[in-house]
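S.K.: Below are the structure tokens for one structure; questions will follow.
The values are calculated or read from the model by the stated rules, or taken from the named source; none is laboratory data. Keep in mind the model is a prediction, meaning the values are calculated, not measured. All Cβ positions, even for glycine, are placed from backbone atoms using ideal geometry, and neighbour counts span all protein chains on display. Protein only, heavy atoms only, side chains kept; ligands, DNA and RNA dropped before computing areas. Shrake-Rupley method; radii C 1.70, N 1.55, O 1.52, S 1.80 Å.
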Amino acid sequence: MTSIYETPVGLPRRAVSIQIDGEEVKISEGATILDACKAHGTDVPTLCYGDTLDPVNACRVCVVEVEGNRVLVPSCSRKVEPGMVINTDNERTRHSRKLVLELLGSSVDLSAAPMVAGWNDQYQADPMRFGESKTVRQPVKVDNDLYVRDYSRCILCYKCVDACGEQWQNSFAISVAGRGFNAHISTEFDVGLPDSACVYCGNCVEVCPTGALMFKTEHDMRVAETWNESVQQQTTTICPYCGVGCSLTLHTQDNTIVKVTSPHESAVGSGNLCIKGRFGFQHVQTLKHN
Amino acid sequence: MDLRFPKEEPTLAEVQALDAVLGESHVVEGWQRERGGAHLAAEQRPQLLAALHALQDRVGWVSPGGLGELCRRLDVPPAEAYGVASFYAMFSMEERPSRVVHVCADLACQVLGAGALLDAVQAECGNPNQTGVPGAWQPSPCLGLCERGPAILVTEAGDPAHEAVIAPAIATDVAVALRIGPKGLGAEAPVVAAVPQAATPQGAAELVLLKRVGVVDPTSLDDYRAHGGYEALRAAFAMGPTGVIREVTDSNLVGRGGAAFPAGRKWAAVAAQSVRTRYLVCNADESEPGTFKDRVIIEGDPFSLIEAMTICAFATGCEQGFVYLRGEYPRALEHLRHAIDTARDRGYLGTNVMGLGFAFDITIVRGAGAYICGEETAIFNSIEGYRGEPRSKPPFPVEVGLFGKPTVVNNVETLVNVLPIVLNGGPAYAAIGTAGSSGTKVFCVSGAVANAGVYELPFGATLRELIDLAGGVPNGRSLKAVLLGGAAGSFVRADEIDFPLTLEGARAHNTTLGSGVVMVLDDTVDLPTFLRRIAAFFRDESCGQCVPCRVGTVRQEEALIRITLGPRSAAQNEADLTILRDVGRAMRDASICGLGQTAWSAIESAIDRLGALQ
């Protein structure tokens, strides 16, 4: 997690020397393997990793081989150690990534996760190979006017729970409930959001990697088949509501705001907003009568 | 944090149940919460599991009203409390009959006829999980009564709640239990019945760790002292903390829970930490199907565990210890609770142990039906009041463990080994057994043998000798295979049993001792059903955190069902075997913890060594 409060202004970090795919790489102490791979230009897929959240290393698509370790390690959370010899793209890591993509793809609707189709090709993953098998398919939960929850698309990355809870919003409206394949994101006793502690900040929507949490506007347009990202414009501006000055990115289609995000690198909110900035855009486009 | 609680009100019984475990209601409201709230909430969170038990024990389920009241008192967000409660199999989130009979459907009981029992119960008592009746029954994972299966556990909510076990059980027992509840059931077999060696003088002479089981009164501290109790602690105080660690290191004792990590190295690592607050966690959550040794030790000789934990705490500088006891052990809970209270009353626990100025106390944390909580970091989350999901390592528990502090986490059997080590010295202990595996080992022998039970032998005996000691395969049947290490272990063939049961011997034979499970299968075993049960076990017990295990255990079971139950072409079977191997390899390589990493081991060994699924 990087925020304005954690800007590294302390003592300079030591450089750690490691090997990635046979090449020597220097990276500052405390960095993760994923940081090192990014700095080195090595491509490692990630799904549950969130740039504004602590890594939970649950999806396991980012696993790499660290020589001397019995099992593969998650690059998103494992810190580099001097002399580490890391293989990011050998047969063993490719096998695990392929299987993670197949297992997820066979149980979850990943059609709204932008990178997955490309990775399926890259790793020759065939999510259909298991035939008729158990999935998390279920109806979309529409219980308020602002955002919907389509848990058929949920990969249980914990990001929404962490964003709602102690890492950002401190609302604790949702948690992972149940166990094993029946684990799912839920309010207490699965009550609807209006009866829960939800404050509709939409910070869960901001971090959801698979479209399981979606603006109601986007959901309705997708159902109506009018959603078209290729013609949308993104305009970054400042929220007009209060003096905090959060950055907003307005997504517009046909000159109408269809959803609002916030740049994660913004030092003000690190991608987080409140209900007003996230969902209070109707006044901009409600036309005056007469 | 501004919490919002369910609008349902708790019942009087729920309020009383929470009063009993949390003290009289003192809900922190409004500004008070603002002032001390976050700190207070963090202190209260570890009471969550006990409070959930209180609700479940009193009214038979965790209702929205009860959960809301609990959250108000502990300052826990309701969604989180719901997430924790729904993680554990023993908590029902829906109203159900107050009387529940859990019929073991797991591996060891299956060998002893659990399949037939379940069919008969269904015929006599109707479908499982019925509502609107005074009592309901349900199939259950291993109850840890493997030496005398098929086993049932009867629970009845109320004030007080009651629990009882019957093993071996027949369908009529289930019907009677449903009608009259646990109170009317007969007494449980004595603990010593699970230790066949104790029946003969020469057998009893071989026992070291189990020597007091059946000999001492497990409820009497005086009797324990009369049989050598607390001599080891006295010796430990005399040699000092570093002296104790030296002896444990020299003994070459390794962990008995399955991972075989050197105990001395673990203790030394914790003792060397600069952080003052450290914790000791005794892992008594043995839930590996076929494991019941810790139950026998705690039921038969609970003070030995308390003494051993005190020695460990003295050596490593812990002031607080926890015993995480699996939830399905009513007699072990009763004996251990009584023993801890007695030890505290008599000055063997508390602020001034044996008058020597050393402070140490032990809290029992009762598990709630989750195999994964036996994992060494999941156990921390469970104790802290969170979902029992394993943590990522590193950091390791010796540095960052329970409540973020350096923590020793050891299995029950590992800890009680410390008593003979301290009394006789590390080198003397290291001389027992073999060069690579020192000391004695408690094996849990179950399945198709004449005398199932726990057997304690110096490392080095062969598997054949152990099976012979247990009376061999009865009724003129022949040995088919042995499952070593439980569901997470592997099979060996009948012609492979002449290797020594040592760490190095097992490794050389490409198998594992695990926690000491030796489950014997004769030629009548229905191997496909047995394998499906293993797959179902892992599917049920996966915590769901990481993808390879959460989805992989489901795909593994599906493929196994297709291969063993469907009319299939050779090509289809080949494709499913490939799926099993592919999924199994990814689970082993990429899962977070040992559960996923071993979820394919037994099935793989059945295919490769027993020629199953051909």
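S.K.: To the nearest 500 deg cm²/dmol, what mean residue ellipticity at 222 nm is calculated for chain A from DSSP H runs of n ≥ 4 alone, each contributing -39,500 (n - 2.57), summed and divided by the residues?
M.R.: -5500 deg cm²/dmol
S.K.: Let me spell out the model: positive unit charges on the Cβ of Lys and Arg, negative unit charges on the Cβ of Asp and Glu, origin at the Cα centre of chain B. What dipole size does that give, in debye rounded to 20?
M.R.: Once rounded to the nearest 20, the dipole reads 880 debye.
S.K.: Any idea which of B:L565, B:G611, B:G115 is furthest toward the positive side of the dipole for the protein assembly as shown, if Lys and Arg beta-carbons carry +1 and Asp and Glu beta-carbons -1?
M.R.: B:G611
S.K.: Below 8 Å between Cα atoms, with a sequence gap of 6+, how large is the relative contact order for the stretch B:58-155 in percent?
M.R.: Once divided by the residue count of the stretch B:58-155, the mean separation gives 32 percent.
S.K.: OK, next. Of all DSSP beta bridges located in the protein assembly as shown, what percent are antiparallel, nearest 5?
M.R.: 65 percent
S.K.: Helix A:91-107 against the longest principal axis of chain A: what's the angle in degrees, Cα atoms only, rounded to the nearest 10?
M.R.: 30 degrees
S.K.: Still on this structure: Using a probe of 1.4 angstrom, how much of the accessible area of chain B is carbon and sulfur, in percent?
M.R.: Carbon-and-sulfur percentage of accessible area, whole number: 52.
S.K.: Another question, then. Counting only protein heavy atoms, probe 1.4 Å: which residues of the stretch A:194-208 lose 10 Å² or more of accessible surface in the full assembly compared with their chain by itself?
M.R.: Output list: A:P194, A:D195, A:S196, A:A197.
S.K.: Counting only protein heavy atoms, probe 1.4 Å: which residues of the stretch B:58-82 lose 50 Å² or more of accessible surface in the full assembly compared with their chain by itself?
M.R.: Buried by 50 Å² or more upon assembly, which counts only protein chains, are B:A79, B:Y82.
S.K.: Still on this model: Of A:R137, B:R550, which has the most accessible area and how do the rest follow, probe 1.4 Å?
M.R.: So the residues, ranked largest to smallest area, are A:R137, B:R550.
S.K.: Work out which residues of the stretch A:33-61 lose at minimum 20 square angstrom of accessible surface when the other protein chains are put back, relative to the chain isolated, with a 1.4 angstrom probe, and list them by number.
M.R.: Buried by the other chains: A:N57, A:A58, A:R60.
S.K.: If you count only protein heavy atoms with a 1.4 Å probe, what accessible area per residue comes out for chain B, rounded to a whole Å²?
M.R.: 35 Å²
S.K.: Just going by the charge dipole of chain A, with Lys and Arg at +1 and Asp and Glu at -1 on Cβ, which of A:M128, A:S171, A:T256 is farthest out on the positive end?
M.R.: A:S171
S.K.: Explain nothing, just the number: relative contact order of the stretch B:487-580, from Cα pairs under 8 Å at least 6 residues apart, as a whole percent.
M.R.: Relative contact order, the stretch B:487-580: 19 percent.
S.K.: Going by accessible area, probe 1.4 Å, with all protein chains left in place, what is the ranking of A:S96, A:S230, largest first?
M.R.: The ranking, largest first, comes out as A:S230, A:S96.
S.K.: Here is a further query. What helices does chain B hold that run 24 Å or longer along their axis, going by alpha-carbon atoms, with a Kyte-Doolittle average of -1.0 or more, using DSSP H for the helix calls?
M.R.: B:547-565, B:570-590
S.K.: Per q in 0.17, 0.21 1/Å, what log10 I(q)/I(0) does a Debye calculation on the alpha-carbon atoms of the stretch B:122-251 return?
M.R.: -0.98, -1.22
S.K.: Provide B:L210, B:L423 ordered by accessible surface of protein heavy atoms (probe 1.4 Å), highest first.
M.R.: B:L423, B:L210
S.K.: Continuing with the same structure: Would you give the gap between the C-alpha center of the stretch B:569-604 and the C-alpha center of the stretch B:473-532, rounded to a whole Å?
M.R.: 20 Å
S.K.: Moving to a separate point now. Counting only helical runs of four or more DSSP H residues, what would the 222 nm mean residue ellipticity of chain B come to if each run contributes -39,500 (n - 2.57) and the total is spread over all its residues?
M.R.: About -13000 deg cm²/dmol.
S.K.: Using the Cα centre of the protein assembly as shown as the reference point, and only Cβ charges (+1 on K/R, -1 on D/E), how large is the resulting charge dipole? Debye, rounded to the nearest 20.
M.R.: Using only the charged Cβ atoms, the result is roughly 700 debye.
S.K.: Enumerate the whole-percent occupancy of each 10 Å bin, from 0 to the last occupied one, for all C-alpha pair distances of chain B.
M.R.: Calculated P(r), rounded to whole percents: 3, 16, 27, 28, 18, 6, 1, 0.
S.K.: List the residues, sorted by chain then number, that are 5 or more residues from A:D150 or on another chain and whose placed amide H is less than 5 Å from its amide H.
M.R.: HN-HN under 5 Å from A:D150: A:K141, A:L213, A:M214.
S.K.: Check cross-link reach from A:K38 to the lysines: straight Cα distance under 26 Å, and skip same-chain residues fewer than eight apart.
M.R.: Within the straight-line limit of under 26 Å, A:K38 reaches these lysines: A:K26, A:K79, A:K98, A:K159, B:K393.
S.K.: Could I ask something else about it? Where the only charges are on Cβ atoms (+1 Lys, Arg; -1 Asp, Glu), what is the dipole of the stretch B:459-503 about its Cα centre, to the nearest 20 debye?
M.R.: Taking the Cα centre of the stretch B:459-503 as origin, the dipole is about 180 debye.
S.K.: For chain B, what's the relative contact order in percent, using C-alpha pairs closer than 8 Å and at least 6 residues apart?
M.R.: Worked out over chain B, it gives 12 percent.
S.K.: Something else about it: Could you run the numbers on buried accessible area between B and A, total for both chains, 1.4 angstrom probe, in Å² to the nearest 100?
M.R.: About 4200 Å² of accessible surface is lost on pairing.
S.K.: Next question. Running a GNM on chain A with Cα contacts under 10 Å, which residue among A:K276, A:K38, A:K216 ends up with the highest mean-square fluctuation?
M.R.: A:K38
S.K.: Report, to the nearest whole %, how much of the accessible area of the stretch A:156-245 belongs to carbon and sulfur atoms, 1.4 Å probe, protein only.
M.R.: Ligands and nucleic acids excluded, carbon and sulfur reach 49 percent.
S.K.: So in the stretch B:424-548, what percent of DSSP beta bridges are antiparallel if you round to the nearest 5?
M.R.: 80 percent
S.K.: Another question, if that's okay. Going toward the positive end of the dipole of the protein assembly as shown, with +1 on Lys and Arg Cβ and -1 on Asp and Glu Cβ, which of B:V174, A:A183, B:V154 do you reach last?
M.R.: Value: A:A183.
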